[in-house]
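Encoded as structure tokens, the structure appears first; notes follow it.
The values are calculated or read from the model by the stated rules, or taken from the named source; none is laboratory data. Quick caveat, the model's predicted, so the values are computed rather than measured. Note: ideal-geometry Cβ built from the backbone for every residue, glycine included; neighbour counts use all protein chains shown. Protein only, heavy atoms only, side chains kept; ligands, DNA and RNA dropped before computing areas. Shrake-Rupley method; radii C 1.70, N 1.55, O 1.52, S 1.80 Å.
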Amino acid sequence: MMRSSLSRYHRWGSWMRRLVNLIRRPKSPARDFQFERIDWGGQPDEERRVSKLLNVLGYTKTTKTSQGGHWGKKYPSGYHTLNVGGVTLQGQRNPQDRLDLIPIDFVNKSVLDIGSNQGGMLFAISEQVKWGVGVDYDGKMVNAANYINHTLAHGPLQFYAFDIDQDPHGLLRDFLPEERVDVVFLLSVCMHVNKWRELLKLCRDIADSIVFESNGSPQQQADQLSFLGELFGDISVLHEDSKRKLFLARE
């Protein structure tokens, strides 16, 4: 009888501990951000344009990725600072900070951005490039990028939904206006996907240069750099800090 009572007590105690842990566990970033659409009816044209942009960007923050909901609570744009159509909205990372580190003249160059988010990297060079293609697995981000491009930026850019782990990598070739691309951006992507090695091989085959930003644990980043070295003979370190490193890789 005593053993049975103790057993029930321990089971109850274990269940209570799990319940307390669930209550204390932080909510996911996406659930922390509550999207509230701005009603722009009756606003002057300029205010309406900004309100629409904020609505489109605000909806991207409901995604479950850190680039969505997590930064949505702190920054009006979300992940990327955007300067489009005379409007500047602050994000967690300013694309120009990365671009200033890259020793490439983007005038009349073609660029593929894999993991393009809202398109911030391509928008920052949209007036220079011959053409740019951005792909991201999150449809909300792709919608936002296309909206910004078609209504505000008017650049030679295209954005598509693409899942690195689920979709055939050869599809990236079909998205490109030409057979090859001058520059590929692959920035802080590889820790989030499984098939990053296969992806890097394709990038080597279709591009002259790859701007690569490692991310993840020290071991993950060491693995990424090691494989990068197997594929490319010329690798330059452009920047490094405690969280990630930026490289320019060429054959």
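Going through the cross-link list 109/245; 74/140; 52/74; 61/195, which pairs have a Cα-Cα distance over 22 Å in this structure?
Working: 109/245 24 Å; 74/140 19 Å; 52/74 19 Å; 61/195 26 Å.
Flagged as over cut-off: 109/245; 61/195.
Would you tell me the accessible area of residue 137, worked out with a 1.4 angstrom probe on the heavy atoms of the protein chains, in Å² to the nearest 10?
About 130 Å², rounded to the nearest 10.
Working out 0.36 nm times the residue gap between residue 225 and residue 87, then minus their Cα-Cα distance, what length gain in nm do you get to one decimal?
Net length gain for the segment: 46.0 nm.
Calculate, for residue 38 and residue 150, the FRET efficiency according to 1/(1 + (r/R0)^6) with r their C-beta to C-beta distance and R0 30 Å; round to the nearest 0.05. Display every interim value, and only then the final one.
Details: r = 20 Å, r/R0 = 0.66.
It comes out at approximately 0.90.
Quick one: 3J(HN,Hα) in Hz for segment 117-131, Karplus 6.51/-1.76/1.60 with θ = phi - 60°, rounded, Gly and Pro as x.
After applying 6.51 cos²θ - 1.76 cosθ + 1.60, I find 6, 7, x, x, 5, 6, 4, 5, 10, 5, 7, 9, 6, 5, 7 Hz.
Keeping every protein chain present and rolling a 1.4 Å probe, give me the accessible area per residue for segment 193-246 in Å².
50
For residue 170, what charge total do you get from the other residues with a beta carbon under 11 Å from its beta carbon, if Lys and Arg give +1 and Asp and Glu give -1?
Local charge sum for residue 170: -3.
For segment 84-128, what is the convex hull (Cα atoms) projected area averaged across all directions, in square nanometres?
Details: hull surface 14.3 nm².
It is 3.6 nm².
Roughly how many Å is it from the Cα centre of segment 99-142 to that of segment 184-245, as a whole number?
Comparing the Cα centres of segment 99-142 and segment 184-245, I get a distance of 17 Å.
Cβ under 14 Å from residue 251's Cβ, residue 251 left aside: what net charge do those residues give with Lys, Arg +1 and Asp, Glu -1?
Around residue 251, the charge tally is -1.
Please compute the modelled spin-label separation between residue 239 and residue 251, points set 7 Å along Cα→Cβ, answer in nm with one decimal.
Each label point lies 7 Å from its Cα, and together they span 2.9 nm.
Can you bin segment 157-251 into rounded, prolate or oblate? Criterion: square roots of the alpha carbon gyration tensor eigenvalues sorted a ≥ b ≥ c, rounded for a/c under 1.5, prolate for a/b above b/c, oblate for the rest. Could the numbers behind the result be given before it?
On the way: a/c = 1.83, a/b = 1.40, b/c = 1.30.
It comes out prolate by the Cα gyration axes.
Determine the principal axes of the Cα atoms in segment 181-228, then give the extent along each, sorted from largest to smallest and rounded to whole angstroms.
30, 17, 16
Using only protein heavy atoms and a 1.4 Å probe, report how much of residue 107 is accessible, in Å² to the nearest 10.
Number for this one is 80 Å².
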